[in-house]
Structure formats: C-alpha cells, structure tokens
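Worksheet: one structure, shown below.
The values are calculated or read from the model by the stated rules, or taken from the named source; none is laboratory data. Keep in mind it's a predicted model, so treat the numbers as computed, not measured. We place every Cβ from the backbone using ideal geometry, glycine too, and count neighbours over all the protein chains shown. Note: areas computed on protein heavy atoms with side chains; ligands, DNA, RNA excluded. Shrake-Rupley method; radii C 1.70, N 1.55, O 1.52, S 1.80 Å.
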Amino acid sequence: MKKVACLLGLILLCSGAASAYEIKCSCPDEVYRGDIVTIGGTSTLPPGYSTWIQLYEVQPMSRELTSQALVIQQDGTWSIQLQTLSLEEGTYKFEIVEDVMDYPLSSGSDRTTMFKVIDRSGEITILSPSTQTSRDTLSIYGRAPDIGPAGLQIEVTDSRGTVIYGPLYIRTDADGYFSKDVPVPGPGRYYTEFSDFRNNEARFITCVSFTLEDPGTSAESTPTPTAPAPGQTVSASATATRDAPAYFIVDTLPGRVEVTTSTGTDWRIYHTDGTASATRIDDTGSTAPEVFTVTSPGGMLYLKVEPVRAGDEGTVTVTVENAKSVASGPAAASYFGDVIPVSEPTESPFPLVMLIFALLVIGCAGIRK
C-alpha cells in the first residue's frame, strides 16, 4: 500500500512539474534615458496568453512605477517597448505577474530582471534656440566635449514620428562643437536624437525637441492688436526640489492653454483641473522646456513641478499662454495627493514667555490682596 501511495505521489509530482511553464526575458543590463528600448523574450506559455509586466524603481527610490500588458505570440515570443524618458538615472527591475493556479512558472523562468538607466543628456549642450523662425530649415548646433572630434549621429523626426533626416553622422571638432542645418518640410515640432559610436555600436545620448515657427506669423511680422486681451501670457517662479516641489495655481481663459517651463534643470511637471487625475509631462531634458497644451473652458488649472534628478534644486518659471493669472500656490498640493506645505511660523509680537510671566504677576497680586 505504501508503495502505491509513493507511486501516486511521484506521478502527481511529475505531472505538476510538467504543467509548469517557462518564460525568459531579454533585457540589456544598461539602457540610456530618453531612448525607447524593446524588451522581449520567449515562453512555453500558450499563444494569446497575456499577463502583466510590472516596472519598479529600486534606486535611488524604492517604488512601483507602471505596468504593461505582455502577450505571448504564435511562435512563443513576446515583447514590449519601454519609454525611458520619464525614468531618472538609477536601478530598476521588471517583475512578471504569475498566475500560480492556472499557469505556474518553472523555477528556471525569469520572473525578475534587473537593469540600470544611465542619463547621458548632460554630455551635450544645445546652443541653438529651442524655438526658431524659418519655413524650411532647422538649425542645430551645440557642444559635446566628451565626444571631441569623434562625430555625432543625429536623426530628426516630426511630431508624428516620421523621419525627416538621418540617421547620419555629422562632424564635431576637437572641442566637440557641432553645427548642422537640416531641411524640413515646414513649421512644426521636431525631435532630434543624438548618438555616438563606441564599442562597435551606436549609443543613444539624448533627444531634444525644437519648435519651428513660420516667420509670416511671428511676433515681428504680426501687427500688434489695438486692444490685446489682458493677462494673455503670464508667468510665475518658485523654488523646487524633489522633497519640496513647486505648486502653481493658474486661472485660465477659455480655449487653448499652453504651459511652458524654464530650462537649465530637467523638470517634471504634473497638471490637473481638479476633476481628473493628474497628468505627468516629462518629454525633454535640461536643455529644452517641458511644454503641454490643454483645451480649457476657463477656470483653475493646478501645476506641480519637481526636478527629475533627486539631488537637483533650482527655481522653475512656468509661463502660461491664454490665462488671467498664475501664482505660486502651495494649496494646490492637495490636488496631487500631497501634504500642503506649511510655512515657517512667524515670531509673535508678544512672546508666549512674556504672556505667562504677566499672568503670574497678576495672580500673585491677587493672592496678596
């Protein structure tokens, strides 16, 4: 009887082991901030099976970030695209969500994968203006001192992702200076991706956005209206750190509202009208402003601005087009689920110690009577 029981147990154990599925994850050990990285792998899970792959930040902070759907294809492969522009330099990990009951994973599966994000955006200084006036030419110039004369690869795309120029290498001099006039089809938003070549591969450095305006509609050629709307473009500034973000309250006018941050620090901005969840904007580095537009019925818009890098501190200026006013407003913190900052208490004109002393004197006088 014991032999039968052992045999049945062995059969069950083997059948359980056979039902375990394997999933493998192929992820580079290092990725560059701002690049779009494809993460993929293979699996013995059935085609069409889907689960979630969860992204966590390990360092410098420990927190859960986002998740993406993972779907097994006919040939057993799977892949996702990781947008890294919103990630700061540090250590991260992927974790595949397992269905333990119906689709258990084998011990050899890659449930967790670690990788590092490297920020190279500081290796390039863009000297050309982020907003230019031209109908057909985008001027790109700057300096990459660490590159020296080795050359840079650039690729220019429009707002739809269509490649306008490149990827082609351009010349850099001994000090890393570079300059290139790129022909473009017309005014609009353009993105320039910079890479260099090391260890037999092109390595992503950063992506910078430029806005090309039609000179026919520029401020210099547009007649000044006789009665401009008051408060059409307004701005305000505040100091911001990761631990103490800057908050702003904007009183918008009806229509299209555009918000722009200052440059010099890599800012991350959140916005909400108080009725919907906050939207995060983190599309550029320190050399270009963060910009977003909303269509407003008129009313309040709340902003939160913080540096992407944990150790950065600076003064951020937000400029808003089509608004009555914008002001630094700590009370806006509540719309982002944050504690409203408390200002430092001011010293009372009549100190508490003096008040207690006066009460004691009055009490002693009463006792003597």
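Is there any pair linking a residue in the stretch 128-157 that is more than 18 Å from Gly34 (Cβ to Cβ) and open to solvent by 50 Å² or more (accessible area, probe 1.4 Å) to one that is basic (Lys, Arg) and part of a loop (DSSP other than H, G, I, E, B), with Cβ under 9 Å and at least six apart or on different chains, and which? Once the first residue is more than 18 Å from Gly34 (Cβ to Cβ) and open to solvent by 50 Å² or more (accessible area, probe 1.4 Å) and sits in the stretch 128-157, its partners that are basic (Lys, Arg) and part of a loop (DSSP other than H, G, I, E, B) give Pro149/Arg171. Among the residues of the stretch 305-321, the ones that are surrounded by fewer than 22 Cβ atoms within 10 Å (Cβ to Cβ) and closer than 14 Å to Ala236 by Cβ come to 4 in all. Within the stretch 62-111, track down each residue that is in contact with a strand residue (DSSP E or B) (Cβ under 9 Å, 6 or more places away or on another chain), assigned to a loop (DSSP other than H, G, I, E, B) and open to solvent by 50 Å² or more (accessible area, probe 1.4 Å). Passing the criteria: Ser62, Gln73, Asp75, Glu89, Val97, Glu98, Arg111. Which of the residues spanning the stretch 158-167 are modelled with pLDDT under 90 and either open to solvent by less than 20 Å² (accessible area, probe 1.4 Å) or at negative phi (or both)? Answer for the stretch 158-167, where residues must be modelled with pLDDT under 90 and either open to solvent by less than 20 Å² (accessible area, probe 1.4 Å) or at negative phi (or both): Asp158, Ser159, Arg160, Thr162.
Results for (1) in contact with a helix residue (DSSP H, G or I) (Cβ under 6 Å, 6 or more places away or on another chain); (2) in a strand (DSSP E or B); (3) at pLDDT 90 or above, shown as yes or no for each residue.
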{"site": "Ser277", "(1), (2), (3)": "no, no, no"}
{"site": "Thr293", "(1), (2), (3)": "no, yes, no"}
{"site": "Glu306", "(1), (2), (3)": "no, yes, yes"}
{"site": "Ala310", "(1), (2), (3)": "no, no, no"}
{"site": "Gly314", "(1), (2), (3)": "no, yes, no"}
{"site": "Val318", "(1), (2), (3)": "no, yes, yes"}
{"site": "Ala331", "(1), (2), (3)": "no, no, no"}
{"site": "Val342", "(1), (2), (3)": "no, no, no"}
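State which residue is surrounded by the most Cβ atoms within 10 Å (Cβ to Cβ) when the search covers only the stretch 263-279 and only residues that are under 30 Å from Ile126 (Cα atoms) and of a type outside the set (Ser, Thr, Tyr). Among residues in the stretch 263-279 that are under 30 Å from Ile126 (Cα atoms) and of a type outside the set (Ser, Thr, Tyr), the one surrounded by the most Cβ atoms within 10 Å (Cβ to Cβ) is Ile269. The set of residues from the stretch 29-57 being closer than 20 Å to Phe115 by Cβ and open to solvent by 70 Å² or more (accessible area, probe 1.4 Å) comprises Asp29, Glu30, Ile36, Thr38, Thr42, Trp52. In summary, strands (runs of 3 or more DSSP E) completely within the stretch 120-207 and bearing 2 or more residues that are in contact with a Lys or Arg (Cβ under 9 Å, 6 or more places away or on another chain) occur at 137-143, 152-158, 163-170, 177-183, 188-198.
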